[in-house]
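Worksheet: the structure to be examined is printed underneath.
Each reported figure results from applying straightforward, stated rules to the coordinates on display, with no laboratory input. Note that the structure is predicted; figures quoted are calculated from it, not measured. Methodologically, a virtual Cβ is constructed for each residue, glycine included, from the backbone with ideal geometry; neighbour enumeration extends over all protein chains shown.
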Amino acid sequence: QVQLVESGGGLVQAGGSLRLSCAASGRTFSRYVMGWFRQAPGKEREFVAAISRIGGDTYYGDSVKGRFTISRDNYKNTVTLQMNSLKPEDTAVYYCAADTDDRLGTSESRYDYWGQGTQVTVSS
């Protein structure tokens, strides 16, 4: 089992950047595929990005491709989402999630553990 805690959210102007971090408890962090999802008010949760167990493979949702970068540090048990060129439509609660499957997944149903989320607000 793993516990996830996100940080780094906040208010930023359009065109700006934010860096989200997710800290994981436990000694088995490298066994999990890690993902980021987001949920805007009144909308379904949306896949943002995922990274493989050792970080060699990444996958992004179409709406963030080229602007966001996911990375991980298995020594520090952290996964990071660097968000650049932010747009008002990026406003959402961002969630970190862990998947015990070894394949990158975009469906939230695949992910077994979730953090509480961190709010990102992008002003126009």
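Can you pull out the residues in the range 95-111 that are touching a residue at least 12 places away in the same chain (Cβ under 8 Å) and either closer than 20 Å to L20 by Cα or touching a strand residue (DSSP E or B) at 6+ places or on another chain (Cβ under 6 Å) (or both)? Correct list: Y95, C96, A97, A98, D99, L104, G105, T106, E108, Y111. From the list R67, R38, the lone residue that is of a type outside the set (V, I, T) and touching a helix residue (DSSP H, G or I) at 6+ places or on another chain (Cβ under 8 Å) is R38.
Evaluate the following for S123: is it surrounded by fewer than 18 Cβ atoms within 10 Å (Cβ to Cβ), more than 12 Å from the chain's Cα centre (by Cα) and over 16 Å from R45 (Cβ atoms)? Against the criterion (surrounded by fewer than 18 Cβ atoms within 10 Å (Cβ to Cβ), more than 12 Å from the chain's Cα centre (by Cα) and over 16 Å from R45 (Cβ atoms)), S123 qualifies.
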